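What follows draws every value from the coordinates through simple rules; no lab data is involved. Predicted model, so just to flag it, every value in this text is computed and none were measured. Because the Cβ atoms are built from the backbone with ideal geometry, glycine has one as well, and the counts that use them run over all protein chains shown.
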Amino acid sequence: MARTKDSQIISVVHPICCGLDVHKDQVSACMLFSGEGGETESEIREFSTFTDDIERLRDWLVKEECPVVAVESTGVYWRPVHNVLEHHLEVILVNARHVKNVKGRKTDISDCKWLAGLLRHGLLRGSFIPPQEVRMWRELWTARQSYVRTIGDFRRRIHKILQCANIKIDSVVSDLFGVTGRNLMKCLIARGNEITLDEIEECARGTLRAKCEELHRSLKGFFLSHHAILLATLLKTVETLESQMEDVTSRLRSLMTDHDSLLDRLDAVPGINEIGAMGILSYTGVDLSAFPKAENFCSWQGLCPGNNESAGKRHSGRPAVNKHPLKGLFIELAWTAVKKKGSYYKDKFHRLKARRGAKRAIVAIAHKLARAVYHIIKDGADYRELGEDYLDTRNAALKTKRLRAQAKALGFDLIPTVA
């Protein structure tokens with residue numbers, strides 16, 4: 001085999017590029033380019049993070065005809081820089097864990113040099129940055145999730161106060177914060193321990209009308225004026241937060257009105273309702289061209305196992321991404337999907353649970369949901385329910401052969417019959 005003198009392994013991908021080390025108040029920039037003799041030269045500048053100074057950074061990069069910059073994803077500090085550079089340059093957002101510099105040689109200048117050097121030779125893999133419209137959806141969805149968690153905290157405090165006062169409403173009603181539960185709590189705040197049976201009958205709704213006497217017993221306790229003040233304050237806070245959350249949800253729904261057909265097709269998937277569909281689109285958007293295959297889409301969320309092989313043996317590997325918000329959303333939706341009667345996901349979950357345990361099984365179902373969502377969004381497909389007996393019918397011949405072998409081992413013969 002003939003040998004060549006060119007032994008270069010890493011080639012130059014971007015002849016002109018820039019690395020940015022971003023902090024709260026300062027941006028260090030290192031531009032790399034080829035000099036007259038072909039050697040690599042650099043130019044380093046520092047800017048503040050005020051918008052006018054970032055615009056000076058942009059003008060400098062455009063003037064020098066730098067087409068691409070690499071930015072380390074440092075909290076939210078990279079976003080002001082991205083807002084200015086977005087429509088003028090290609091911005092590659094990189095994970096900080098993937099670009100760590102040599103230990104003991106870390107400064108702002110060395111960091112931006114290191115980023116620029118990696119980018120120049122094409123050694124950086126950019127993170128997914130959705131369009132501006134999708135980023136607006138994501139911020140609204142994140143705010144809604146924050147409201148959900150905060151409301152849950154205040155509701156648990158209300159449960160605690162009622163228990164401390166010997167009030168057992170939640171032992172009778174299935175939802176303490178339903179219409180009947182809220183009516184009883186407001187009546188309790190106004191009347192204290194002097195609630196009558198007639199007042200309880202006025203508060204009860206639906207099937208709880210038949211449990212008025214039991215509700216009356218559950219309200220007999222040590223509910224003091226101190227408890228009434230706390231309960232009134234917490235209940236008012238919950239109602240205020242619920243109203244604000246509904247405003248955020250309405251705003252998110254209005255921004256997605258152009259994609260109602262896509263939301264309806266996602267809503268047809270077991271476990272996914274309108275709110276869940278809006279949450280998915282808030283992270284993925286409606287264009288999944290950044291993910292060539294469903295495998296890439298699932299790996300981005302951390303729903304695929306990691307590779308852990310040594311000495312020819314494969315070991316159990318943790319996923320590379322552990323805390324992706326979309327992963328948590330899909331697992332939450334998967335728990336709902338496996339409870340739907342007659343669905344394929346329910347049957348598959350129980351089969352996997354028997355062999356691998358509930359936690360691994362639910363992640364596998366979340367992975368299947370993610371693949372279905374990928375094809376619905378990218379290929380415009382409609383969800384088709386396989387049914388709870390799909391796996392049995394698909395493997396009917398194999399299952400019959402196995403049963404015939406088992407019966408023969410016990411001294412019996414299986415005879416086919418016509419239904």
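Between G35, G192, G271, the residue with the greatest mean-square fluctuation in the GNM of the chain (Cα pairs under 10 Å linked by springs) is G35. Overall, the chain carries a charge dipole of about 2880 debye about its Cα centre when +1 sits on the Cβ of Lys and Arg and -1 on the Cβ of Asp and Glu, all other atoms neutral. With N the number of residues in the stretch 1-140, Rg(Cα) / (2.2 N^0.38 Å) evaluates to 1.12. Over 22 Å, how big is the tail of the calculated P(r) for the stretch 134-255, in percent of all Cα pairs? So the portion of pairs separated by more than 22 Å is 41 percent.
Computed on the Cα atoms alone, the convex hull of the stretch 309-419 gives a volume of 193 cubic angstrom per residue. When the C-alpha to C-alpha distance is required to be over 18 Å, the pairs from K293/K368; K327/K359; K106/K323; K323/K359 that qualify are K106/K323. Other residues within the sphere of radius under 11 Å centred on the Cβ of D264, judged by their own Cβ, net out at -3 (K and R +1, D and E -1). The 3J(HN,Hα) values that the Karplus relation (6.51, -1.76, 1.60; θ = phi - 60°) gives for the stretch 401-411 are, in residue order, 5, 5, 5, 5, 5, 5, 5, 5, 5, 8, x Hz. Gly and Pro appear as x.
The stretch between W60 and R404, if pulled fully straight at 0.36 nm per residue, gains 116.1 nm over its current Cα-Cα span.
Counting other Cβ atoms within 10 Å as a rough exposure proxy, the listed residues C203, C164, C30, C212 run C164, C212, C203, C30 from fewest neighbours to most. Full extension of the chain segment joining K236 with D267 gains 7.9 nm, where the gain is 0.36 nm per residue of separation less the Cα-Cα distance. Using a Gaussian network model on the chain with a 10 Å cutoff between Cα atoms, which of T150, T393, T49 fluctuates the most? Between T150, T393, T49, it is T393 that shows the largest mean-square fluctuation. Looking at the stretch 14-99, the chymotrypsin sites (Phe, Trp or Tyr not before Pro) that sit in a DSSP loop and have at most 13 other Cβ atoms within 10 Å of their own Cβ are F50. log10 I(q)/I(0), Debye, Cα-only the chain, no solvent, q = 0.08, 0.10 Å⁻¹? Computed log10 I(q)/I(0) values: -0.72, -0.97.
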